[in-house]
1. Within the group Gly267, Gly312, Gly231, Gly237, which residue is modelled with pLDDT under 95 and either under 27 Å from Ala39 (Cα atoms) or part of a loop (DSSP other than H, G, I, E, B) (or both)?
2. Filtering the stretch 143-172 down to residues that are touching a strand residue (DSSP E or B) at 6+ places or on another chain (Cβ under 9 Å) and of a type in the set (S, T, N, Q), which residue is nearest to Ile87 (Cα to Cα)?
3. Hey, can you tell me all the residues within the stretch 46-102 that are under 18 Å from Ser284 (Cα atoms), open to solvent by 50 Å² or more (accessible area, probe 1.4 Å) and part of a loop (DSSP other than H, G, I, E, B)?
4. Within the stretch 240-259, which residues are under 30 Å from Thr311 (Cα atoms) and crowded, with 16+ Cβ neighbours inside 10 Å?
5. Restricting to the stretch 218-248, name every residue that is aromatic (Phe, Trp, Tyr) and over 14 Å from the mean Cα position of the chain (by Cα).
6. Taking the stretch 197-234 only, how many residues are of a type outside the set (Gly, Ala, Ser), open to solvent by less than 60 Å² (accessible area, probe 1.4 Å) and under 20 Å from Arg66 (Cβ atoms)?
7. Starting from the stretch 161-177, keep only residues that are within 19 Å of Cys149 (Cβ to Cβ), then list their pairs with residues that are among the hydroxyl-bearing types (Ser, Thr, Tyr) whose Cβ atoms are within a distance under 6 Å, requiring at least 6 positions of separation or different chains.
8. Would you mention how many residues in the stretch 104-134 are crowded, with 16+ Cβ neighbours inside 10 Å, within 21 Å of Lys223 (Cα to Cα) and without any contact (Cβ under 8 Å) to a residue 60 or more places away in the chain?
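The values are calculated or read from the model by the stated rules, or taken from the named source; none is laboratory data. Everything numeric here is computed off the predicted structure, so don't read it as measured data. Using ideal geometry, Cβ is built from the backbone for each residue, glycine included, and neighbour counts are taken over all protein chains shown. These area figures cover heavy atoms from the full protein model, side chains too; ligands, DNA and RNA do not enter into them. Shrake-Rupley method; radii C 1.70, N 1.55, O 1.52, S 1.80 Å.
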Amino acid sequence: MKVLCLAAAACLALAACSSPANRNQQAADSTQTATDKNAQLRKTIDSIVTQTDGKVGVAIQNLDTRDTLTLNDTAHFPMQSAYKFPIAMAVLKQVDEGKLKLDQPVFVDKKWYYKTHSPLRDSIPNGNVNVPLSRLVSLMVSASDNVACDLLLDLIGGEAVANDYIHGLGVTDIAIVASEKKMAAAWEVQFTNWARPSAYIQLLDILNKGTALSKTSNDFLWKTMLETSTGPNRIRGLLPEELQVIHKTGTSGVTPDGLAAATNDVGIIILPNGQKLAIAVFVSLSHADEATREKVIARIAKAAYDNALGTGK
């Protein structure tokens, strides 16, 4: 990743007194430095991914400098709950259009309950109550609540509505096809909800720029992702505790022989210099234990962070 090594005033002074040939050489040296750093980061990531079987997909981009690195970006990785971030965008778009309101009550019929991860169901076991839309979105994103996700998908008109909205933003390498309950019904269904790692970087870039949603909705989603409680040992795992990280995880079940289809995390790291580093890591079809899969994500995130700061080895 690019690191500015000269103060702005010094840059201007050099530009004023240097010859065109020198300036061209300086630009070439800067490009070479960035290339060398990315090459070193790729080498580090290549070493990290050998710690697990299966396939690892990675996309990293400094949203300010636009420096980008990807690994296995042509593959379709199962998203699992990582797809709740684009679903939240689709819900908030309907809020911006006046079709929904963040403070509107949504009736939580007990018929939506099933055996799954759901803090909503756990806190209101009898169901049949009204819950604010804002609360459902927060539960879906921050706590990765599956019942809240299915309720919200139904409220906006189904998976196709969310899918079409994201494609309409120009992010086409993503598919939102099946609800959480549908994914839970059969192992193979989860693979119909897929994405290329770079598609998530596109969505994070859109969120960072605030071009798709109103400022109120964009700020709400940013805050909700900042409050994510799942996956503390993934992107956040090896980073300094004081850093702000917005992110969304995704995790599949495990087959009897220990195969995990998806262990994912996607998010934005706010660097000490104020720049934003977007990262998406998908660990797919691995027999490694969860701690190992999460450590792969954490080490890739730390390597990307160190590289962005110019401290990578």
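1. Within the list Gly267, Gly312, Gly231, Gly237, the selection yields Gly312.
2. Restricting to residues being touching a strand residue (DSSP E or B) at 6+ places or on another chain (Cβ under 9 Å) and of a type in the set (S, T, N, Q), the top hit is Asn163.
3. Thr50, Gln51, Asp53, Gly54, Asn72, Thr74, His76, listed by residue number.
4. Val245, Ile246, His247, Lys248, Thr249, Gly250
5. Phe220 - this is the single residue of the stretch 218-248 that is aromatic (Phe, Trp, Tyr) and over 14 Å from the mean Cα position of the chain (by Cα).
6. Adding up the residues that qualify gives 9.
7. Ile176/Tyr83; Val177/Thr192
8. Qualifying residue count for the region: 5.
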